[in-house]
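K.L.:
Just passing along the structure, written as structure tokens.
The values are calculated or read from the model by the stated rules, or taken from the named source; none is laboratory data. Predicted, not measured: the structure shown is a model, and the values here were computed from it. All Cβ positions, even for glycine, are placed from backbone atoms using ideal geometry, and neighbour counts span all protein chains on display. With ligands, DNA and RNA removed, areas are computed over all heavy atoms of the protein, side chains included. Shrake-Rupley method; radii C 1.70, N 1.55, O 1.52, S 1.80 Å.
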Amino acid sequence: ELGNVPIPTLSSQPLNPFLTPKHFPLQIARIIKQTMADLQPWAVALIAVAATIVGLYLLWRIILLLSPGWYRSMIKNNSVSVDDFVGGPPNGVSALKSWFLNWLQVGSRVAKKDGYPLKTEDSDKVPGLKVTSRNENGAESSSTAKPPVIVGTIRMGFGHHRIAYAATSWGLGGNSGNDRETWFHDFLNIESEEAQMIKDTDKLYSKGSRLASELGGSVEKFWGSLTKSGDEDSLRVTYQFSEHMVPLINGLDKNSPIIASHSMVACAAVAAGFKNVINLVIDNHAQWFVVVPGALNLVQGPSNYHSFLKMGVPEKDLAVAGHWIPRDLVEGIPDACARRTARRKAGKPLRIIIPVGGAGAQRKFIVKLVGALSELVKEGKVQLFLNAADHEHMKEAFVGALESNGMDYDNVVDMKGVRDFKEKMLTEEPSKNVTLFSYDDYFTAVATTDILCNVADVLACKPSELAFYPIPKLMIRRVGDHEAYSALRASELGDGTLEVREVPLAVKYVKLFMSTSLLDVMNKSIDDNNKIGLYDGCKNAMKLALERAEQTK
């Protein structure tokens, strides 16, 4: 179309002013083509990289402009405003992060609201406790004279279940002050699409914990940083996921008080319209995703209380309760401390209970510890109570360590066995210096540690929920950096050590327990702590739930 019109180059005449506008694009393209042909390859590559960076930056800015709209669309049907709770709406980056993480979890799924029909059955493990499950016949569970106390949990690891059972223990029995039924409501016991979503999420967390524990190094450091970086967006994502869990709790009486040992349960309860929701906050490290808007958030100690207030959690939604401990352990503290002190004075073997967490992590460290203690065990100076729980790989690891180090052992495999063992330990010694506890049953796996604490001298465990237990504790290597703060609390309270990350140091502490007054000091601290109600957290939570239920009739 240009005929004989000369094509300009960088050294030629400027654009012909008499060209019509339709010629400009073609002529400019020819100029660019010629210019690029004259450039060195490195210059072309540099221009391409620069163009890509500019393009990506512009795309990023466009996404940030759009992300608040995506976020608002995501939360438009929410029952509660997380943004009001955390102090305001997210900026573009936070909005994008919250929207994207929620999309990874639920995709385009629309949250359902209708609750599943539920039924209750008597627990075959805990007398007086009712356990909920889905009623496949579609009929609702029969009503009681008063709405029951619901202790809600999710079977993700052992910690949340352990805390939930501790809470139920204070609502059972004639002298509990509770004239209502106590129901144990585990979300994973309600067979459903929503329960499967939780299971899939838990598998990823458990796998991450095991990999971090086994591989160590940079993997452990990265995993640790993830577990203690719970900002406002973590609560936004947790609550948004919980909106999808509403059907798992919406079949219960809305007048029932809810005590939740998992923040997701408390979030779902608030979203479903329950007005009396108590959230038992885990750990000793303040993070947004462990507190819940619209619930009374109870913490175990003052440092968490201070930290949450500083973060902006409203004072009316926060209170200090004490540690989450089952009733029989709390009521048995004086006798247990006296027994431990008497055993030490009499030169009896040091009894150490070593449990495995619900994720089945710590295998490498615990196996090395068992091997390192083998000589003390064979000399009759140490007795080991090894709780492999319901993890077959941990049972095999324990058996391998015991056999390779020439240690004989007994094996307890059911609830009757562990209860009989505890009764025997009140007045006698075990027939062998090592007892292995292993089960196919999840409840017994969790309960074994609680049952044995009052007949053991030391609990050697990672700084999880067990870091708050009223027994002298050897705090071994953590799984997640957030747990370090729980070990610090145990040490400051005098009932545990700081975190011990290396096996030789753990063995040194064991020898200190046998050769110094350290164990006596810890037992005295436990006794003193008990007198001021430090271990009464679950007792206070149950009391508050019942009082609030009477006030809101």
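K.L.:
So which trypsin sites (Lys or Arg not before Pro) in region 73-129 pass both tests, a DSSP loop state and at most 10 other Cβ atoms within 10 Å of the Cβ?
P.N.:
K76
K.L.:
With the full set of protein chains in place, find how many percent of the accessible area of region 299-373 is carbon and sulfur; take the probe as 1.4 Å.
P.N.:
So the carbon and sulfur contribution to the accessible surface is 54 percent.
K.L.:
Follow-up. What length, rounded to one decimal in nm, is gained on full extension from Y442 through to D231, with 0.36 nm per residue of separation minus their alpha-carbon distance?
P.N.:
Once the chain is fully extended between Y442 and D231, it gains 72.7 nm.
K.L.:
Relative to the longest principal Cα axis of the chain, at what angle does helix 263-272 sit, 0 to 90 degrees, rounded to 10?
P.N.:
Its long axis makes an angle of about 70 degrees.
K.L.:
Taking the solvent-accessible surface of protein heavy atoms with a 1.4 Å probe, what is the per residue accessible area of the chain in Å²?
P.N.:
In whole numbers, the chain has 45 Å² accessible per residue.
K.L.:
Quick one: which residues, 5 or more positions from D536 or on another chain, have an amide H under 5 Å from its amide H? H modelled 1.01 Å from N in the peptide plane, none for Pro or chain starts.
P.N.:
Long-range HN contacts for D536: H323.
K.L.:
Taking a ≥ b ≥ c as the square roots of the eigenvalues of the Cα gyration tensor of region 308-423, is the shape rounded (a/c under 1.5), prolate (a/b larger than b/c) or oblate?
P.N.:
The shape class here is prolate.
K.L.:
Within a Cβ distance under 13 Å of K348, other residues only, what is the Lys/Arg minus Asp/Glu net charge?
P.N.:
Spelling it out: positives minus negatives among the neighbours equals +4.
K.L.:
First measure r as the distance between the Cβ atoms of R548 and N78, then evaluate 1/(1 + (r/R0)^6) with R0 = 25 Å and state the FRET efficiency to the nearest 0.05.
P.N.:
Using R0 = 25 Å, I get an efficiency of 0.55.
K.L.:
Given a 1.4 angstrom probe, I'd like the percentage of the accessible area of region 378-532 that is carbon and sulfur, rounded to a whole number.
P.N.:
51 percent
K.L.:
Enumerate the calculated ³J(HN,Hα) couplings along region 238-252 in order (Karplus 6.51 cos²θ - 1.76 cosθ + 1.60, θ = phi - 60°), each rounded to whole Hz, writing x wherever the residue is Gly or Pro.
P.N.:
4, 5, 4, 5, 5, 4, 6, 8, 3, x, 6, 10, 6, x, 9
K.L.:
Another question, if that's okay. Hey, could you pull the Cα Rg and Dmax for the chain, both in Å?
P.N.:
29.9, 113
K.L.:
Using r as the Cβ-Cβ distance of E331 and E136, and R0 as 35 Å, what FRET efficiency do you calculate, to the nearest 0.05? Spell out each step's value before the answer.
P.N.:
On the way: r = 39 Å, r/R0 = 1.13.
It comes out at approximately 0.35.
K.L.:
Residue-wise, which Karplus ³J(HN,Hα) couplings in Hz belong to region 338-344, taking 6.51 cos²θ - 1.76 cosθ + 1.60, θ = phi - 60°, and x for glycine or proline?
P.N.:
For region 338-344, the Karplus curve yields 5, 5, 4, 5, 5, 4, 5 Hz.
K.L.:
Sticking with the crude label model, points 7 Å out along Cα→Cβ, report the distance from E193 to D179 in nm, one decimal please.
P.N.:
The answer from the label model is 4.3 nm.
K.L.:
Then there's this: Can you list the residues, at least 5 places off or on another chain, whose amide H is less than 5 Å from the amide H of L118, using H built in the peptide plane?
P.N.:
N135, S141
K.L.:
Out of the DSSP beta bridges found with both residues in the chain, what percent are antiparallel (nearest 5)?
P.N.:
Bridges in the chain are about 10 percent antiparallel.
K.L.:
Helix 537-551: angle to the longest alpha-carbon principal axis of the chain, degrees 0 to 90, nearest 10?
P.N.:
Value to nearest ten degrees: 80.
K.L.:
I'd like the orientation of helix 392-404 relative to the chain: the angle between its Cα long axis and the longest Cα principal axis, in ° from 0 to 90, rounded to 10.
P.N.:
60 degrees
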